[in-house]
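Bear in mind these aren't lab numbers, they're just calculated from the coordinates by the rules spelled out. Keep in mind that what you see is a predicted model, and the values were worked out from it rather than measured. Cβ placement follows ideal geometry from the backbone for every residue including glycine, while neighbour counts extend to all protein chains displayed.
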Amino acid sequence: MDDSCLFCKIIQGTIPADKVFETDQVLAFKDINPVAPVHVLIIPKRHLASLNELSEGDHEVAAGIFDAARRLGAELPELGGEYRLLTSCGESAGQVVPHLHFHLIGGRRLNWPPG
Ligand code: AMP
Ligand code: ZN
């Protein structure tokens with residue numbers, strides 16, 4: 001828990017979020033500024049600033065994130081199993097919130113490269 005971290009506050013419940021999936025390890029909630037019909041953020045409950053802070057032994061966190069993505073991809077009816085999962089690592093890559101998060105985006109045709 002990082003007291004100054006927006007996503008840690010969402011985990012603690014001091015800032016509200018529209019939660020769609022939760023386990024002991026991870027939380028998934030709707031992005032407040034969606035770029036597609038489905039835009040969910042999947043985060044570890046432990047504060048990690050980015051993927052760079054994931055340790056070699058953090059298999060449960062990594063598996064929990066991918067498991068959440070796979071489940072949401074299968075269960076959210078707008079997706080039909082088709083979606084993009086991405087994380088931005090560092091400011092120049094587009095990371096704004098310094099708590100590791102994966103964007104799960106879909107429900108419309110997506111372009112590449114993302115910009
Ligand atoms: P990034 O640019 O990869 O750091 O993405 C941060 C994401 O967090 C953006 O897509 C924001 O729209 C989203 N976001 C910021 N504040 C909130 C919030 N309170 N609840 C849900 N999503 C948020
Ligand atoms: Zn945090």
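With +1 on each Lys and Arg Cβ and -1 on each Asp and Glu Cβ, and nothing else charged, work out how big the dipole of the chain is about its Cα centre, in Debye to the nearest 20. Walk me through the intermediate numbers first.
Details: 10 positive and 15 negative charges, 85 e Å.
Using only the charged Cβ atoms, the result is roughly 400 debye.
Roughly speaking, what is the stretch gain from residue 3 to residue 51, that is 0.36 nm per residue apart minus the C-alpha to C-alpha distance, in nm to one decimal? Walk me through the intermediate numbers first.
Numbers: separation 48, 0.36 × 48 = 17.28 nm, distance 1.96 nm.
15.3 nm is the gain from fully extending residue 3 to residue 51.
Would you please classify the overall shape of the chain from the alpha carbon gyration tensor, given that a ≥ b ≥ c denote the square roots of the eigenvalues, rounded means a/c under 1.5, and beyond that prolate means a/b larger than b/c while oblate covers the rest? List each step's numbers first, then the result.
Working: a/c = 1.43, a/b = 1.32, b/c = 1.08.
Here the chain falls in the rounded category.
Expressed as an acute angle from 0 to 90° and rounded to the nearest 10, what is the orientation of the C-alpha long axis of helix 59-75 relative to the principal long axis of the chain?
30
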